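Structure, as structure tokens:
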Amino acid sequence: MQKGLKLTDILVTIVISIAFGILYKIWGPLYYAVKPFGLHIDQLIYGMWFMAATVAFLIIRKPGVALLAEIAASSGEFLMGSEFGLEVLLYGLIQGLFAEFILFAFRYKRFDLFIISLAALGSCAGSLIMDFYKGYIGDLSTWNLTLFIVFRIIGSILFTGLFAVSIAKALEATGVTNLVRSSSKKDHEALDQ
Amino acid sequence: MNSLFSGKYTWLHSINPSLKLLTILGLFILAINIHYLNFMVGFSCVILTLFIFGTGYSYKQLLLLSLPFLFVFLSTSSSMILFGKGETILFKWAYIQISEESLIRGIHLGFRALSFAILGLIFALTTKPVMLFYSLMQQLKLPPKFAYSFMAAIRLIPIMIEEYQIIINAQRVRGIEQKNHLLKKIERLAIPLLSQSIRRAYRIAVSMEAKRFQSNRKRTFYYEVGFSRNDLIFLCYFFVLIGLAYLLSNHYPFLPNTDVRYLSD
Amino acid sequence: MTSVTSVRNLRLKFPGESKMLFRDMSLSINRGEKVLLLGTSGCGKSTLLQVLSGLVPRTIDIPMKCDDIQIPDQWGFVFQDPDTQFCMPYVDEELAFVLENLEVPREEMSSKICSLLKEVGLELENIHTPIQHLSGGMKQRLAIASVLALKPDVIFLDEPTAFIDEKGTEQIWETVKRIWKDKTLIIVEHKIEKILDFADRLIVFTPDGEILADGNTSMVFTHYKEKFKEFGIWYPGAWDDYKREPIMNNKKELPNTMKLQIFKGYRNKEVKIVVDHLVVHSGEWVTIMGENGAGKSSLLLALMQLIKTSGDYFINDVPIRKTKDISGLLYLVFQNPEYQFLTNSVHDEIIYGLKNDQEIESDVKEILSSLELTSKKEQHPYQLSVGQKRRLSVATAFLQKPNILLLDEPTFGQDSLNTFKILEMIEQERQKGTIILMVTHDHHITERFATRLWEVQNGRIVTDLQLNKGGNVQRGILHEFII
Ligand SMILES: Nc1ncnc2c1ncn2[C@@H]1O[C@H](COP(=O)(O)OP(=O)(O)OP(=O)(O)O)[C@@H](O)[C@H]1O
Ligand SMILES: Nc1ncnc2c1ncn2[C@@H]1O[C@H](COP(=O)(O)OP(=O)(O)OP(=O)(O)O)[C@@H](O)[C@H]1O
Ligand SMILES: [Mg+2]
Ligand SMILES: [Mg+2]
């Protein structure tokens, strides 16, 4: 019907992202607990920061949703005065763009685990680029850097891929997704009987 | 927005929010291009000064807000200090290797993370979200459907937090077992929270359209957000002081003044 | 007379449902009419309002078709839930949002906002008040003010007083009558007492979404009274005609007691409810009444140990201090049923947490059919109508067989048949020895079923009255307390 995102799509996407913002606050302690060791255990759960994008996309299934979700999630954190303040905004933008790009490459037509994991890897790549630039991670010793990247990739696939798909499935079962999807032609034809 | 803390209304609150946001993003980009520790420290001081004297919060509140910074500083610098590349070895034990270069680079990263955190906090503490989005619509032409969606969603935050509490309670009443593993537990909470939020967002969007909201139509604004002399002061503050910090750090370095990046040749 | 909104041969079916909600339904409403739509819970009234206002299918995508539809040019919609109709944080900003949509110049906004608020009787010291600080009734009046700003000719109202106390309900309807005297109003409401004198046309639906009757108020009520009774639609005097079947079950099984002494419930460290000294025994049915925000829900949450409490609290002489202490003893039906749903179908929801044996299955069947949920057995709880959700959450409570049953407004949004049924089931539990504590805004229930009344005001129980069940003497007294 209409092209682009409708008001309902936008508002729902943003609210999903902010709900994730709240969940992050709950998971936050977990992240802090494992972070300061320098051995990058924290990277294993880093992927949860990109989850909003894939979950929102799986629910609404329209172009632009993944990008919007990442921006909304990060600006939510930014406005709430997160310790990682400003950088999350730019990280969000880059991660969202990369995920969006992958989904675009498949014409927004596929919603399976494979594509979602690819999008997760996209976000992961985006975040790594930012880290190289901002965090000098290229200057870590090689074994440590490898550990860092591998952990983050695993984490991305685990959370942004697998866990997001499972959450979206569970949401689908609640029927809430029907609200934001267009009705199918079949449903309209059923009215003629 | 930060209901926990409320401070005085200061000149920082009166800065045009779009301008404030762009300036802060500009400073962010500047900061990731600073590779000399002395300048980084100076830069951080400029920002810290504004944070302490400009935001209108009591020192006690500021101290409370700053506690996580110590953590940000340590966590950001530690892995670089312990595992970074470098030639001049100061300490070595198993995989841990602290070199002079990695130590300096680690501290540099710590300051960088610190200044980002403070910049973000300055913005969050002195900007009302509603004003930010009105300003983004007026100065940066953000389409109203995005701006109002953001404002509606921000209004929902406290409602959602309360809802989260209620869901936990309601599930307890139904005698839900707590022994499940973590992911299952998160999912059990995440699903009702998300599906409730989606429904709520949807109803709000419907009621917005029922109130004749149309994104592409011209609209008037309840709040006109403009510019004032304070905006100029704000820009000058950073220009002058950061310039000063740059000059001082070049002429009177008090720390080793080398490029912190690992330049192997 | 000219029609302002109409639809011809409407067909509408939710995706995945087997039956159409509407099948070739036609309806036309004329300028200036005050129409009241009546029907059993779940017959499709809310959906119809959305169709007539054009929200379906433009904003809400539900498959529908019709030969012809006329949507009013200038319309407004007041929704049921006070919390999901606003997009801005402050009262003035919310009204300004509407004025912005209408391109009202900025300079005129402040005075317009003030006059709108005055018109709906929402006098605030400061118009820049957070919406969250308003009571439910005030929120609904704000919603009416924002609809008023649209200058609508046709106004749709979908149970705007479902969550509101009696006083608030009266005030809201008074406001509506005053400001929209000569507009077209299309109203869905179960609590009809306060608006019947105002409505001049009734449209009554059968449970299958067909029009049963359509005409002026007195004609419909005189000719169709028997049908109203049969389907369980509210009509004036429904309570008086209601004869409770005597339930024969006088053997008390469990003698339960609950004792409270200087018992306090806290929210955000503030005391929200105080109970000085109360003892409740088996066989008692306490209704808890009071204005919105008085602390009724807080009292139930405190008893459930879901908010922080202090003081002495005993059940059957065992002290209660933690949530764990009450497991199995108490069960609470929350004010908002949606929060309690854990599974993906009505059936699973009911058997959740029960030991699955043959006997239970037959209990489940019985409760589903007596609350008219059998046909919805496989549906997702969230996809039910407002009243159906409420019934499902009540049904889950009965099978848990607690010693003390706490119910937070278990009958809101129900038609008469279901209201009576829920009440009878509670009565049955009471006779088995279960202590019943029930929050309600409906004085009919207190008069006919309760054995005891607590009135809550500003976080205190100010009245504790023993009632002689069904005794007429009490009614007069009650009115003084409630109105
Ligand atoms: N998304 C959905 N999917 C499937 N069925 C639905 C959906 N939403 C509503 N229904 C069903 O459509 C019917 C009509 O719902 P509606 O909300 O219009 O009822 P109602 O007459 O307003 O009832 P109430 O008085 O309880 O509010 C109900 O039986 C409900 O179960
Ligand atoms: N989660 C909360 N945190 C803090 N205060 C709350 C919370 N929920 C309610 N309150 C406040 O506690 C008081 C009592 O609220 P409560 O919900 O118990 O009222 P109620 O009598 O059940 O009203 P209603 O008839 O509207 O359901 C009110 O002043 C309300 O604003
Ligand atoms: Mg309804
Ligand atoms: Mg309540």
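No lab work stands behind these numbers, since they all come straight from the coordinates. Model, not experiment: these values are computed from the prediction. Here the Cβ is made from the backbone with ideal geometry for all residues, glycine too, and neighbour counts use every protein chain on show.
Cβ crowding within 10 Å, taken as a proxy for footprinting-reagent exposure, orders C:Phe398, A:Phe111 from fewest neighbours to most as A:Phe111, C:Phe398. Note on C:Trp173, B:Trp93, C:Trp239: ascending count of other Cβ atoms within 10 Å places them as B:Trp93, C:Trp239, C:Trp173, the fewest first. Once Rg and the Kirkwood radius are both taken over the C-alpha atoms of region C:14-136, their ratio Rg/Rh works out to 1.04. Give me the one-decimal nm value for the distance between modelled label points at B:Leu74 and C:Arg321, 7 Å along each residue's Cα-to-Cβ direction. So the two model labels end up 3.5 nm from each other. Multiplying the residue separation of B:Thr88 and B:Cys236 by 0.36 nm and subtracting their alpha-carbon distance yields 49.2 nm. Sorting A:Tyr46, C:Tyr235 by the number of Cβ atoms found within 10 Å of their own Cβ, with the fewest placed first, yields C:Tyr235, A:Tyr46. Using only the Cα atoms of chain B, build the gyration tensor, take square roots of its eigenvalues as a ≥ b ≥ c, and label the shape rounded, prolate or oblate: rounded if a/c is under 1.5, else prolate if a/b is larger than b/c, else oblate. Note, shape of chain B comes out oblate.
Counting Cβ atoms of other protein chains within 10 Å of each Cβ in A:136-149 and taking the mean gives 5. Note on C:Leu124/B:Phe53: beta-carbon distance plugged into 1/(1 + (r/R0)^6) with R0 of 35 Å gives a FRET efficiency of 0.45.
Taking label points 7 Å from Cα along the Cα-to-Cβ direction, C:Ser135 and C:Lys181 give a separation of 2.8 nm.
Rounded to the nearest 0.05, what FRET efficiency do C:Gln400 and B:Ile32 give with R0 = 60 Å and r taken as the Cβ-Cβ distance? Could you check? Calculated transfer efficiency: 0.55.
What does a probe at A:Ala173 reach in region C:369-403, counting residues whose amide N is under 19 Å from the point 7 Å along Cα→Cβ? Zone members listed by number: C:377-384.
Among the lysines of region A:7-178, pairs that are 8 or more positions apart or on different chains and have alpha carbons within less than 23 Å of each other number 5.
Its alpha carbons considered, region C:180-310 gives a radius of gyration followed by a Dmax of 22.3, 59 Å.
Taking each DSSP H run with n ≥ 4 as -39500 (n - 2.57) and averaging over every residue of chain B yields -23500 deg cm²/dmol at 222 nm.
Residues of region A:141-180 falling in the label zone of A:Leu39, defined by backbone nitrogen less than 19 Å from a point 7 Å along Cα to beta-carbon, are A:141-155. For chain A, the mean residue ellipticity at 222 nm estimated from helices alone is -22000 deg cm²/dmol, where every DSSP H run of n ≥ 4 contributes -39500 (n - 2.57) and the total is divided by all residues, rounded to the nearest 500.
Rounded to the nearest 5, the antiparallel percentage of DSSP beta bridges internal to the protein assembly as shown is 55%. Dividing the convex hull volume of the alpha carbon atoms of chain A by its residue count gives 120 Å³ per residue. In the protein assembly as shown the Cα-Cα distances spread across 10 Å bins starting at 0 as 2, 11, 19, 22, 20, 14, 8, 4, 1, 0, 0 percent of all pairs.
Angle of helix B:182-210 to the longest C-alpha principal axis of chain B, folded into 0 to 90 degrees and rounded to 10: 60°.
Under the convention that each Lys and Arg Cβ holds +1 and each Asp and Glu Cβ holds -1, the size of the dipole of chain B around its Cα centre is about 1480 debye.
Extension gain for the segment C:Asp464 to C:Ser345, taken as residue separation times 0.36 nm less the Cα-Cα distance, is 38.8 nm to one decimal. Taking a straight line from the alpha carbon of B:Lys92, these aspartates and glutamates sit under 15 Å away, with near neighbours fewer than eight places off in the same chain left out: B:Glu100, B:Glu101.
Each peptide in C:84-92, B:50-58, A:118-126 was scored by the mean count of other Cβ atoms within 10 Å over its residues; highest first, the order is A:118-126, C:84-92, B:50-58. Of all lysines in the structure, the ones whose alpha carbon falls short of 18 Å from that of C:Lys34, not counting any fewer than 8 places away in one chain, are C:Lys45, C:Lys151, C:Lys177, C:Lys181, C:Lys183, C:Lys191, C:Lys194.
Hey, with R₀ at 56 Å, roughly what FRET efficiency would B:Leu25 and C:Ser3 work out to, going by the Cβ-Cβ distance, to 0.05?
0.50
Beta bridges per DSSP, both residues in chain C: antiparallel share near 55 percent.
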